[in-house]
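Contents: one structure, followed by commentary.
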Amino acid sequence: MSTIIERDVVVIGAGPSGLTAAHELTKAGRTVAVFEARDRVGGRTWTDTIDGAMLEIGGQWVSPDQTALYEMLDELGLQTFDRYREGSSVYVTPAGERIVYDGDDFPVAERTVAEMNRLIATIDDLAAQIGAEEPWAHPRAAELDTVSFRRWLEDLTDDTEAIDNIALFIAGGMLTKPAHAFSALQAVLMAASAGSFSNLIDEDFILDKRVIGGMQQVSQRLAERLGDNVFLNAPVRTVRWGEDDGVTVIADGGLECRAQRVILAVPPNLYSRVSFDPPLPRRQHQMHQHQSLGLVIKVHAVYETPFWRAEGLSGTGFSGTQLVQEIYDNTNHEDPRGTLVGFVSDHKADAMFELPADERRKTILDSIAGYLGPQALEPVVYYESDWGSEEWTRGAYAASFDLGGLHRYGMDQRRPVGPIHFSCSDIAGEGYQHVDGAVRMGKRTAAAIHEDLALNSPAR
Ligand code: FDA
């Protein structure tokens, strides 16, 4: 049986970006429908209960500069709480030595501290000059986009530990690709999108707060407001456009929506899962092949108590070389149990997925115990977020261009094609790769469509 509906705008994807766009358009008096492939809303935000523990399987942290997300949290009546951060941090050296330290600088040789601070200042300076909105427009864009981040760092210093530690924040920590796989310009964009590189490497800034009850609620509350205009289990397979001013969007189960505009609110690596009739232009076909998601395993380990706190530790740990590159106390709001979260990125994640599940678990917990001691080996709940296996995502956290792609294609990634608009955190400037960027893109896309439609069809 087929269901054919008509709306002003149809949105493909019920993640935070698509739902924000739909919500804004509704507020402006437009009719909308949202087609979502999964049986839930939220996309890469997903708060679930695993073996009795509430876990943030996807996006969770909020930083002070993420004002678009904060406005949305306020509008939806959601509260935040502080990440636990009292006590000392742990650094694990390339030789595997565990060092407990306080303060901002890693406990490394004086020369390495100086080199790290010099690199941080250089990236801060470039981020301030280049900005997040149009990095491709800067006079140095081509130069910085045609050298890998790793090679660029190697040209600036011969201190390998400093390079590994700086690369950790952007390669393993954010883009989740090896530092040889993306450009220095892409790294500068990542830094600029958080206000500065200093912000990005400051865990007390970038990982400041979490949403009480979970980040997925942003999408769930938006979807509640949209009511039966959100269609789940509706993967979109075809977009017909170009006959007149409108579009026809066809999903599984005979669901079809005729609209004036469509918003493709999915990450760029999934655009080609949809057939466009007529096909998208050559430029988009090419560009979308140069944008890919990274890979990271987000590891959750829940303990009867946050045992590290009793030892004066914050639960924060870093290493530019170990398997688990960073760990944090991720205990839920007012939860007596203690939760740790750790991250295993790119090549290291590949190697882990070669192992049987029990061996992978043991290897990862061994690495976490390298920071916090043997008590870390016995969690009561253990879970690995595996977004690479999710058909409707295929990686984590988000998309970035390959070497040279940002200055070659970036200026066209947000440009609509006829009635087809693009909206997701992966193509945001400010808030790039974050829920904040998803919300910003949703608002921006909704405003552009509303303005465009207002010229020939006033809102009802
Ligand atoms: P998103 O991917 O969320 O939504 C797209 C939706 O489109 C999905 O629901 C998908 O199912 C749907 N879809 C795809 N193809 C479709 C089709 N053909 N038809 C219909 N529907 C389709 N951010 C942050 O701010 N703080 C953080 O701490 C983290 N941490 C983090 C950890 C992990 C493990 C991940 C995976 C991600 C994060 N993030 C994050 C990133 C954050 O989650 C991400 O930026 C936003 O969820 C992106 O929202 P979008 O709406 O742009 O895409």
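When restricted to residues that are out of contact with any strand residue (DSSP E or B) (no Cβ under 6 Å at 6 or more places or on another chain), under 24 Å from Gly338 (Cβ atoms) and surrounded by fewer than 21 Cβ atoms within 10 Å (Cβ to Cβ), the range 58-80 contains 1.
For the range 263-305, filtered to residues that are basic (Lys, Arg) and closer than 30 Å to Asp244 by Cβ, the residue that is nearest to the ligand (Cβ to nearest atom) is Arg273. On the stretch given as the range 38-57, residues that are surrounded by 15 or more Cβ atoms within 10 Å (Cβ to Cβ) and of a type in the set (Ser, Thr, Tyr) total 2. Gly131 meets the stated requirement of being within 26 Å of Lys209 (Cβ to Cβ) and of a type outside the set (D, E, K, R). The residue that is nearest to Ser193 (Cα to Cα), among those in the range 50-64 that are in a loop (DSSP other than H, G, I, E, B) and within 11 Å of the ligand (Cβ to nearest atom), is Ser63. Is it the case that Gly395 is in a loop (DSSP other than H, G, I, E, B) and modelled with pLDDT of 95 or more? Against the criterion (in a loop (DSSP other than H, G, I, E, B) and modelled with pLDDT of 95 or more), Gly395 qualifies. Within the range 401-443, the set of residues being away from the ligand (no atom under 13 Å from the Cβ) and part of a helix (DSSP H, G or I) comprises Gly405, Leu406, His407, Arg408, Tyr409, Gly410, Met411, Asp412.
Has the range 238-256 got any residue that is assigned to a helix (DSSP H, G or I), within 23 Å of the chain's Cα centre (by Cα) and either within 13 Å of the ligand (Cβ to nearest atom) or not basic (Lys, Arg) (or both)? Among the residues of the range 238-256, not one is assigned to a helix (DSSP H, G or I), within 23 Å of the chain's Cα centre (by Cα) and either within 13 Å of the ligand (Cβ to nearest atom) or not basic (Lys, Arg) (or both), which makes the answer no.
Selection of first residues in the range 67-84 that are on the phi < 0 side of the Ramachandran plot and acidic (Asp, Glu) and of second residues that are within 12 Å of the ligand (Cβ to nearest atom) and not in a helix (DSSP H, G or I), restricted to Cβ pairs under 7 Å at least 6 apart or on distinct chains, gives the following pairs, ordered by first then second residue: Asp82/Lys209.
Of all residues in the range 371-391, those that are at positive phi have Cβ atoms under 9 Å from Cβ atoms of residues that are exposed (fewer than 15 other Cβ atoms within 10 Å of the Cβ), 6 or more apart or on another chain, in Gly373/Glu311.
Return only the number of the condition from (1) under 19 Å from Thr45 (Cβ atoms); (2) surrounded by fewer than 21 Cβ atoms within 10 Å (Cβ to Cβ) that Tyr382 does not satisfy. For Tyr382, the failing item is (1).
From the list Leu280, Leu270, Leu340, Leu323, which residue is in a loop (DSSP other than H, G, I, E, B), over 19 Å from Ala171 (Cβ atoms) and not hydroxyl-bearing (Ser, Thr, Tyr)? None of the others qualify; the one that does is Leu280. For the residues Ala223, Ala234, the requirement of being within 10 Å of the ligand (Cβ to nearest atom) and either among the aromatic types (Phe, Trp, Tyr) or farther than 18 Å from Arg415 by Cβ (or both) singles out Ala234. Contact annotation: residue pairs with Cβ atoms under 8 Å, 6 or more positions apart or on different chains, pairing a residue in the range 256-277 that is free of Cβ contacts under 8 Å to residues at least 60 places away in the same chain with a partner that is within 12 Å of the ligand (Cβ to nearest atom) and of a type in the set (S, T, N, Q), are Ser275/Thr238; Asp277/Thr238.
Take the conditions (1) within 24 Å of the chain's Cα centre (by Cα); (2) closer than 18 Å to Asp402 by Cβ; (3) charged (D, E, K, R); Arg151 misses just one of them, which is (1). Only a single criterion out of (1) away from the ligand (no atom under 14 Å from the Cβ); (2) in a strand (DSSP E or B); (3) not aliphatic (A, V, I, L, M) is not satisfied by Gly29, namely (2). Flag not set for Ala446, criterion: near the ligand (Cβ under 10 Å from one of its atoms), buried (at least 24 other Cβ atoms within 10 Å of the Cβ) and either among the aliphatic types (A, V, I, L, M) or modelled with pLDDT under 95 (or both).
The values are calculated or read from the model by the stated rules, or taken from the named source; none is laboratory data. These figures come from a predicted structure and were not determined experimentally. Cβ atoms come from the backbone with ideal geometry, glycine included; neighbour counts cover every protein chain shown.
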